[in-house]
Amino acid sequence: MFRRLRLLARSVRHTRPRQLVARTRLHVSRRTSRIAYQIIGPRPALAADAGRVAAEPPRRILPPRTQLVPRRGEDLVVSLVNRSWPLEMPTAWHPGDLSHLERLHLHYLEYLEGVDDEAFTAIVLDWIAQNPAYHAGYWIDSWNAYALSIRSVVLMQEYAERASRLSAPTRQAIERSVAAQIGFLERNLEVDIGGNHLLKNIKALLWAGCFFTGPRALSWRVLGEQLLERELDEQVLADGFHFELSPSYHIQAFVDLVECIPLVAATSLRSRLRDSVARMAQVVADMTHPDGQPSLFNDGGLHMTYSPADALRAFETQVGAAVKARGSFAFEDAGYFGIRSAGDLLIVDCGRVGPDHLPAHAHGDILSFEWTVDGQRVVVDPGVSEYVPGEWRRYSRSTAAHNTVTVADADQCEFWKSFRMGRRANVTRHRASTTSGLVVDGSHDGFAPLEGAPCHRRQLKGTGRRLEVRDIVSGGAGQPVAARLLFHPGLRVVRTDRGVEISNRKVRVLLSTEHEVTVDRAWWCPDFNVRLATTQVTLHYGAAPCEGRFHLAAQTDVAK
C-alpha cells in the first residue's frame with residue numbers, strides 16, 4: 001500500500017496541473033452525463049444537426065487496410081492487433097475474452113476498409129444500434145474518445161468512397177451517428193492525456209469540419225485548428241521527432257498530421273504544418289531499417305501503423321517532395337543517433353525515455369542500440385507484445401530486456417502498471433558525432449537510488465560493420481553489473497574459441513569480450529500479440545564500481 005502511494009506521488013509530481021484538472025473534470029462528467037442521459041435523454045452534444053454532407057467530402061490519401069480482413073471460408077474474420085476474431089451479426093461488441101486494446105481495435109472499425117458494401121452496411125448499422133452513448137462504461141471502449149476519433153474518420157472516409165452505393169437510410173444513419181460522435185468528442189477531448197491521443201482528436205474535428213457544412217461544422221474546424229496550432233510546437237520537436245520518442249508512434253502521428261494538411265484553411269497554420277511534417281518525414285526515413293520497417297525503441301510494432309513507405313508516399317502526395325534516408329543522422333532533441341551504409345544501420349539511443357508529463361510509451365532503453373547488417377536485423381529492441389499490466393508488459397519496459405547495462409538488475413526508471421512511471425532518469429550526453437563513423441558518449445543517473453549511487457556511462461564507437469563499446473559504472477556498493485545483447489530470432493548464437501558467433505546464411509557476426517558470458521533464452525515481440533523465442537547474451541562485468549568492454553564485428557566470409 002505505502003509503496004504504491006509513493007509510486008503514485010512520484011508519478012503525479014510530473015503531471016501538469018491542467019492534466020489533473022482535465023482528468024478530474026472527465027471523471028465527474030462521465031458519471032453525471034450518464035445519469036442525465038438516462039433521466040432526460042440525449043444532450044445537445046449528441047444532436048444530429050451538423051448540416052449537410054459537403055458536395056466533395058475529404059477522401060483518404062492512404063491505401064485501404066485490406067489486410068485487416070483475412071477470410072476463413074464464408075465467415076468474416078477480422079484482425080485485432082494480430083488476433084483473428086470472427087465477426088458475426090449481430091456482433092458482441094464488448095466480449096470479455098478480448099483485452100482492452102483488442103476491444104478498442106474492435107471499435108475502431110478500421111477493418112471496414114476491407115469489406116464489401118453489404119458487410120459494411122451490416123457492421124455499421126449493428127454498431128450504431130448496439131452502442132448508444134452513455135451506456136454503462138461507455139468511455140472504456142465504444143465511446144472512448146481515442147477510439148471514437150479513429151472510428152469517426154473511418155466512417156467519413158468510407159462514406160465518401162461508398163455513398164453512391166449505399167441506401168438513403170444507411171447514409172442518414174451514418175451522418176447522424178458521426179455528427180453525434182463528433183459532438184461528444186468536442187466535450188470530451190483528451191487534454192488530460194495529450195500526445196498522440198489529442199492529435200487523433202484534432203484530426204477527427206478537422207475531418208468533420210470539412211465533411212459537413214454549416215455553423216456546427218465550422219466550429220469543429222476552428223476548434224481543431226486552434227488545438228493543432230498549440231500542439232504543433234510541443235509535439236513536434238525541433239529535430240522533427242514526435243515528442244513521445246517512439247519511432248512507431250512517430251509514424252502514426254506523422255500520418256495523422258499529413259492527413260490534416262488538406263483539412264486546414266490556407267493560412268499560416270497550413271504552412272507551419274507542412275514545415276513540421278517535412279521534418280517528421282526525415283525522421284521516418286532515417287529511423288527505418290533496411291528491411292523497410294521501423295525501429296522498435298519504446299512502445300510500438302513493426303506493423304502497428306502504416307508502413308514507412310506508405311507514410312512517405314502520402315507525404316510526397318501532399319507536399320510534393322521526396323525524402324530519402326541519410327548516411328548519418330543526429331536527432332539531438334530526441335537523442336537518437338545513427339549511421340547507415342548499403343544494408344547496414346546502427347541506431348543508438350542517448351536521450352531521455354520520453355516527456356516527463358507523458359511517459360506512457362517509454363521503456364528502459366537509455367544507451368541501448370539496434371543494429372542491422374546486410375539487411376538482417378542482428379541486435380534488436382525487445383518490442384512490446386501487449387499493454388495489459390503484468391509479466392509481458394514489465395518485460396517489454398524493463399532495462400534488462402534492452403541492449404544496455406543493468407546494476408543489480410534494476411530498471412533505469414520506475415515503471416509501474418501499464419503506462420505509469422515514478423522516478424525518471426536524467427541523461428547527460430558527453431559527446432555525439434557522426435563525422436567519422438558513429439561516436440556516442442553518454443551517461444544517466446537511473447541507478448542513483450541504489451546504495452552508493454551508481455552511475456552508468458557508455459562510450460560507443462561504430463560503423464555499419466563494427467562496434468566497440470566501453471561501459472563504466474562509477475559508484476555503487478558491490479552490486480552485480482551486466483550488459484545484455486538481444487539477438488534476432490532468425491540468428492544462431494554459438495560459443496566458439498574466438499568468442500560468441502551470431503549467424504545465419506546471410507550474416508555472421510563475432511562478439512568478443514574478456515568478461516564472463518552467459519547465453520539465455522529471451523523474447524522478441526515485434527508486434528502486439530507476437531512473441532518469438534530468441535537469444536540474449538549477458539556479459540557479466542563484475543561488482544560496482546567496474547568497467548566492461550565488448551566488440552561486435554560483421555565477418556565477410558559468409559556462405560551464401
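The values are calculated or read from the model by the stated rules, or taken from the named source; none is laboratory data. In this text, all values refer to a predicted model and were calculated from it rather than measured experimentally. Cβ placement follows ideal geometry from the backbone for every residue including glycine, while neighbour counts extend to all protein chains displayed.
Summary of values
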| quantity | calculated |
| --- | --- |
| Out of S164, S149, sole residue that is closer than 28 Å to T213 by Cβ, of a type outside the set (A, V, I, L, M) and surrounded by fewer than 21 Cβ atoms within 10 Å (Cβ to Cβ) | S164 |
| Answer from L358, L367, L346 - the residue that is touching a residue at least 12 places away in the same chain (Cβ under 8 Å) and outside any loop (DSSP other than H, G, I, E, B) | L346 |
| I182 vs. criteria in contact with a Leu (Cβ under 8 Å, 6 or more places away or on another chain) and in a helix (DSSP H, G or I) | yes |
| Meets criteria (of a type in the set (D, E, K, R) and in contact (Cβ under 8 Å) with a residue 60 or more places away in the chain) for R457 | no |
| Flag for T288 being touching a residue at least 24 places away in the same chain (Cβ under 8 Å), in contact with a strand residue (DSSP E or B) (Cβ under 7 Å, 6 or more places away or on another chain) and not assigned by TED's automatic domain parsing to the domain that holds D441 | yes |
| Restricting region 86-114 to residues that are of a type in the set (D, E, K, R) and part of a loop (DSSP other than H, G, I, E, B), the residue that is farthest from N131 (Cα to Cα) | D97 |
| Count of residues meeting criterion [outside any helix (DSSP H, G or I) and surrounded by 20 or more Cβ atoms within 10 Å (Cβ to Cβ)] in region 244-269 | 4 |
| Only listed residue being farther than 27 Å from V378 by Cβ and either touching a Phe, Trp or Tyr at 6+ places or on another chain (Cβ under 8 Å) or in contact (Cβ under 8 Å) with a residue 12 or more places away in the chain (or both), chosen from S276, S295, S271 | S276 |
| Condition met for L450 (farther than 25 Å from L511 by Cβ and in contact with a strand residue (DSSP E or B) (Cβ under 7 Å, 6 or more places away or on another chain)) | yes |
| Of all residues in region 380-425 being touching a residue at least 40 places away in the same chain (Cβ under 8 Å) and acidic (D, E), the one that is surrounded by the fewest Cβ atoms within 10 Å (Cβ to Cβ) | D409 |
| So G338, is it in a strand (DSSP E or B) and at pLDDT 95 or above | yes |
| I193 being surrounded by 21 or more Cβ atoms within 10 Å (Cβ to Cβ) and closer than 30 Å to H14 by Cβ | no |
| Evaluation of E501 against (1) surrounded by 13 or more Cβ atoms within 10 Å (Cβ to Cβ); (2) within 30 Å of the chain's Cα centre (by Cα) (one fails), failing number | (2) |
| Hey, A204 in contact with a helix residue (DSSP H, G or I) (Cβ under 6 Å, 6 or more places away or on another chain), in a helix (DSSP H, G or I) and at pLDDT 95 or above or not | yes |
| Matching option when the condition is touching a Ser or Thr at 6+ places or on another chain (Cβ under 7 Å), aliphatic (A, V, I, L, M) and surrounded by 17 or more Cβ atoms within 10 Å (Cβ to Cβ), among A285, A314, A281, A325 | A325 |
| Candidate set from region 221-242 (those that are in contact (Cβ under 8 Å) with a residue 60 or more places away in the chain and farther than 18 Å from M304 by Cβ); member that is surrounded by the fewest Cβ atoms within 10 Å (Cβ to Cβ) | A238 |
| Matching residues, region 3-17, being outside any helix (DSSP H, G or I) and β-branched (V, I, T) | T15 |
| Condition check for T428: under 16 Å from G351 (Cα atoms), surrounded by fewer than 18 Cβ atoms within 10 Å (Cβ to Cβ) and in contact with a Ser or Thr (Cβ under 6 Å, 6 or more places away or on another chain) | yes |
| Members of region 537-560 found to be hydrophobic (A, V, I, L, M, F, W, C) and not in a strand (DSSP E or B), listed by number | A544, V558, A559 |
| Region 45-59, residues that are modelled with pLDDT of 95 or more and of a type in the set (D, E, K, R) | E56, R59 |
| Complete set of residues in region 288-302 that are assigned to a loop (DSSP other than H, G, I, E, B) and either buried (at least 17 other Cβ atoms within 10 Å of the Cβ) or touching a Lys or Arg at 6+ places or on another chain (Cβ under 6 Å) (or both) | H289, P290, Q293, S295, L296, F297, N298, D299, G300, G301, L302 |
| Region 537-560 - residue that is modelled with pLDDT of 95 or more and charged (D, E, K, R) and, of those, surrounded by the fewest Cβ atoms within 10 Å (Cβ to Cβ) | E547 |
| Hits in region 303-314 (condition: outside any helix (DSSP H, G or I) and either more than 18 Å from R377 (Cα to Cα) or free of Cβ contacts under 8 Å to residues at least 24 places away in the same chain (or both)) | M304, T305, Y306, S307 |
| Unique residue being in contact (Cβ under 8 Å) with a residue 60 or more places away in the chain, closer than 18 Å to P58 by Cβ and polar (S, T, N, Q) when the list is Q181, Q157 | Q157 |
| Among residues of region 345-364, those that are surrounded by 22 or more Cβ atoms within 10 Å (Cβ to Cβ) and in contact with a strand residue (DSSP E or B) (Cβ under 9 Å, 6 or more places away or on another chain), counted | 13 |
